[in-house]
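To start, the structure under review is shown below, and the notes come after it.
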Amino acid sequence: MTVAIFDADVPTGIAFVRSLGRAGVPLRVYSHRRWPVSRFSRYCADFARCPDLEDPRFLPWLDTELRSGRIDLVAPTSDLIAFACAELEGSEAVLACLFKDRFDAACARLGFRTPWSAHPRSIEEACDLAAAYRYPAILKPKSHVGVGIARGEIVQSPDELRMAFRPYPLAETRYPELALPMVQELVPLALDNLYSVSGVLGPGGEALAASCSRKIAQWPQPLGIGIEFHPVDDPALLDLGVSLARGILGGGLFEVEFIRDPRSGDWLAIDLNPRAHGFIRFDIERGHDLPLLWYRSATGEAMQPCGPARQDLYWRHGVPHAVHRFTQPHAKPALRHVDIVHDWSDPLPSIPFLALMLRHPGGLVRPFLAANDHSSRMAPAIEPVS
């Protein structure tokens, strides 16, 4: 079965191209651009144009391609692709992962703890209830579907919330409620206690592969993407993450994000991504080839679960990580590193990927220069949970 790989300019798409291409799986790279990054891979033998993923024409186009049989499988490489497939397939499980209010509700039903949060239904409701929220708090999107790359902001008081609470610009959607932010507590020392469990679940919910990692640094501060992950060997956390993914998503590729609450020691679930994650190459190099496992599971191949993941590697997002080390020096890990994209066995995609990263160099540096100010705002006193 041929796999359609969208998100051809981002690390998840590149990882799928390399993984499936090395295994001889037929694949086709799609993009609205003529020369996306993945097209430079030695494993990209078939390329076609498609509408931009954020274009309203993309969903009906994808529906037509699937119905015609020109596309067999769609690689789950981003929230937008996962959402598009969920809409076409009617998958409420995927929507429960992508929409934070549904995710919180699903966690509560299954007995998993999450940070305190609220989901106001209007600006007026948010302002009226501002005094009842816990501060400092985070205003963040309920989903990244339709609102782009917005990460949110921290507010310290009811007055700050009233000033900052406003709708995000929302693309055309049948979920207009996504325009309003959610309010979530800022867990003390959260940046020092961020963990992930990632893997693949088979059609029966069995864990074909699962591993733990810890986020060491992110960009921009204080709300951003991970730029350094280290391996973690924690069987209890592994079981917790797999159980949560199985309970909500059921099967397929997943990444669960947790905060270890320093006030109580509890694991707080903050995200369940029903698709490939940005550091998926880390899993691959640790011995868990998630794209290939996903493909084999999706095509009905019988498989044995993978063994434990390697613990002698760490992962980094090369360009922002280099800026981070320059502006905030720290000890280099005594481990071999895995880069987000660069691979000596398939080097050409690194060049256009680096070019895309360096289009706006000032945007790389400014978040790190402001990190100390953010850190001081991120460190409220730790109090016991009532």
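Values quoted throughout were computed directly from the atomic coordinates according to the rules given, and no laboratory measurement underlies them. Because the structure is predicted, anything quoted here is derived from the model rather than measured. Cβ: placed from backbone, ideal geometry, glycine included. Neighbour counts: every protein chain shown.
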Distance in nm between Trp61 and Ser264 label points, each 7 Å along Cα→Cβ, equals 4.7 nm
Between the alpha-carbon centers of segment 128-206 and segment 65-108, tell me the distance in whole angstrom.
-> 19 Å
Ile351 paired with Ser68, simple spin-label distance in nm, labels 7 Å along Cα-to-beta-carbon | 3.3 nm
Listed highest first by mean packing, meaning other Cβ atoms within 10 Å per residue, what order do 254-264, 107-117 come in?
-> 254-264, 107-117
So how much slack lies between Arg109 and Arg310, counting 0.36 nm per residue of separation and subtracting their Cα-Cα distance, in nm?
-> 69.0 nm
Any idea what the relative contact order of segment 233-342 is, in percent, if you count C-alpha pairs under 8 Å spaced at least 6 apart?
-> 21 percent
Beta bridge orientation in the chain: antiparallel %, DSSP, nearest 5 = 75 percent
Could you grab the relative contact order for segment 242-286? Cα pairs under 8 Å, six or more apart, rounded to a whole percent.
-> 33 percent
Computed ³J(HN,Hα) along segment 197-214: with the Karplus parameters 6.51/-1.76/1.60, θ = phi - 60°, integer Hz and x for glycine or proline, the list is 10, 10, x, 9, 9, x, x, x, x, 6, 7, 6, 7, 7, 8, 10, 8, 10
Which of the GluC sites (Glu not before Pro) across segment 147-237 are loop residues per DSSP, with 13 or fewer other Cβ within 10 Å?
-> Glu172
Charge tally in the Cβ shell below 13 Å around Gly318, where Lys, Arg are +1 and Asp, Glu are -1, Gly318 excluded = 0
Residue separation times 0.36 nm, minus the C-alpha to C-alpha distance between Glu172 and Glu206: what's the value?
-> 8.6 nm
All other residues with a Cβ under 10 Å from the Cβ of Leu293 taken together, and with Lys, Arg as +1 and Asp, Glu as -1, what is their net charge?
-> -2
Among 237-244, 73-80, how do they line up from the highest to the lowest mean number of other beta-carbon atoms within 10 Å?
-> 73-80, 237-244
Which order do the peptides 314-324, 344-354 take when ranked by the mean count of other beta-carbon atoms within 10 Å per residue, highest first?
-> 314-324, 344-354
Report, by chain and number, residues whose modeled amide H sits under 5 Å from the one on Val338, excluding near sequence neighbours (fewer than 5 apart, same chain).
-> Tyr314, Trp315, Arg316
Options [x] 32, 24, 22; [y] 42, 26, 19; [z] 40, 22, 20 for semi-axes √(5λ) of the Cα gyration tensor in Å; the value derived from the coordinates is listed as [x]
What is the Cα centroid distance between segment 244-305 and segment 1-49, reported in whole angstrom?
-> 22 Å
